[in-house]
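Here's the structure, in structure tokens; my notes come after.
The numbers here are math on the coordinates, done by the rules we state, and not lab data. All values derive from a computational prediction rather than experimental measurement. All Cβ positions, even for glycine, are placed from backbone atoms using ideal geometry, and neighbour counts span all protein chains on display.
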Amino acid sequence: MTFRLLLLAGLILNASAAAAPANASLKNIRHEYQGPDNCAPVTALTVLGYYGTRVTQTAAATAMKDYPGDPQVSSLELAAYLGRFGLRSVIRYAGTPEVLRELVSRGFPVVVQQRLKPGSNVAHFRTVYGYSGGSFLLSDPLRGPSLRLSSAEMTELWRFYNGEYLVAYPPAREAEVRAAMGDDFNATANWQNARRTGEQAVKARPGDPYAWWGLAKATLRLGDAEKAAYQFDQAVNLGVPTIYYLYRQEAFEAWTQAGWYTKTLQITGRALDAFPRSKELQKFSALAAQALGD
């Protein structure tokens with residue numbers, strides 16, 4: 001009996017030790033207000049500054065942007081830039097307030113991609129570096145160094161970009177990141193989680209194009225391009241705004257793999273009318289035109 005009580009007490013203590021504390025706030029979070037379309041460069045200087053490296057907004061923008069005034073820097077491009085300074089990054093989807101708390105409490109700021117604000121279709125990077133009660137503390141390149149969002153506000157702004165988050169860290173601390181993220185550290189497991197999340201979202205909100213897009217992206221990454229092509233088509237038919245194609249090109253990837261070249265040309269043509277210098281849109285348009293013999 002004594003042994004069982006000791007074992008039970010040990011399990012309770014371990015569970016308590018593993019739980020994120022009620023509040024946390026990271027120090028040394030550098031903030032700077034962004035120039036036009038510079039949320040990614042400012043996010044880079046925030047993350048790098050936390051780990052002890054100083055860069056300027058101008059230098060980061062020059063390195064990450066295809067041309068001055070380029071309105072789009074992807075999470076992959078941000079991760080590649082951070083990698084120049086020795087940081088390793090993971091980009092995952094279907095993020096939750098719980099995973100943000102786990103990472104921040106262990107000393108890792110988390111970059112999230114969200115809507116700029118309710119009603120806006122512009123994508124925007126923010127860095128989560130604290131939480132307390134039911135709210136999060138973020139460094140926002142536009143709205144300031146100490147933006148507070150409730151969990152509900154976080155989730156609402158986040159769902160338009162399928163809960164995307166990026167964690168950058170020194171390679172020596174990878175075990176800590178793995179512990180915080182659990183199964184989601186593994187890319188395949190995360191895509192399976194994102195697919196389950198997407199299935200739940202389209203069931204709850206069948207008229208939501210962003211829910212369908214998130215489900216389609218997970219389906220594509222799990223190897224079913226044909227099914228993903230139809231899911232992306234559903235998202236587009238429900239009303240994805242043209243600017244979304246500047247940030248997200250997975251539909252063209254699925255349609256190209258599935259042989260939907262005419263559809264790809266149609267939508268990339270519309271998007272290129274608005275964003276003619278987008279290299280990603282140019283790439284998929286050219287692939288479709290080549291496949292059709294144009």
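Using the beta-carbon distance between residue 25 and residue 205 and R0 = 35 Å, what value does 1/(1 + (r/R0)^6) give for FRET efficiency, to the nearest 0.05? Efficiency computed from Cβ-Cβ geometry: 0.55. Rounded to the nearest 500, the 222 nm mean residue ellipticity of the chain from helices alone is -16500 deg cm²/dmol, with -39,500 (n - 2.57) taken per DSSP H run of at least 4 residues.
At 4 °C and 1.567 mPa s, what whole-number value in µm²/s does Stokes-Einstein give for the translational diffusion of the chain, with Rh from the Kirkwood sum over Cα pairs? Calculated translational D: 64 µm²/s. For the range 231-294, state what percent of all Cα-Cα pairs lands in each successive 10 Å bin, counting from 0 Å until the bin that includes the largest distance. Result, from short to long distances: 23, 60, 17, 0 percent. Of the chymotrypsin sites (Phe, Trp or Tyr not before Pro) found in the range 29-104, those in coil by DSSP whose Cβ has at most 13 other Cβ atoms within 10 Å are 33. The range 210-273 and the range 85-144 have Cα centres spaced 26 Å apart. The Cα trace of the range 125-261 gives Rg and Dmax of 16.7, 49 Å, the first to one decimal, the second as a whole number. Applying 1/(1 + (r/R0)^6) with R0 = 41 Å to the Cβ-Cβ distance of residue 174 and residue 237 gives a FRET efficiency near 0.50.
As a size descriptor, the averaged projected area of the C-alpha convex hull of the range 20-185 was calculated at 8.5 nm².
Using 0.36 nm per residue, how much length does the chain from residue 294 to residue 142 gain when fully extended, once their Cα-Cα distance is taken away?
Result: 50.4 nm gained on full extension.
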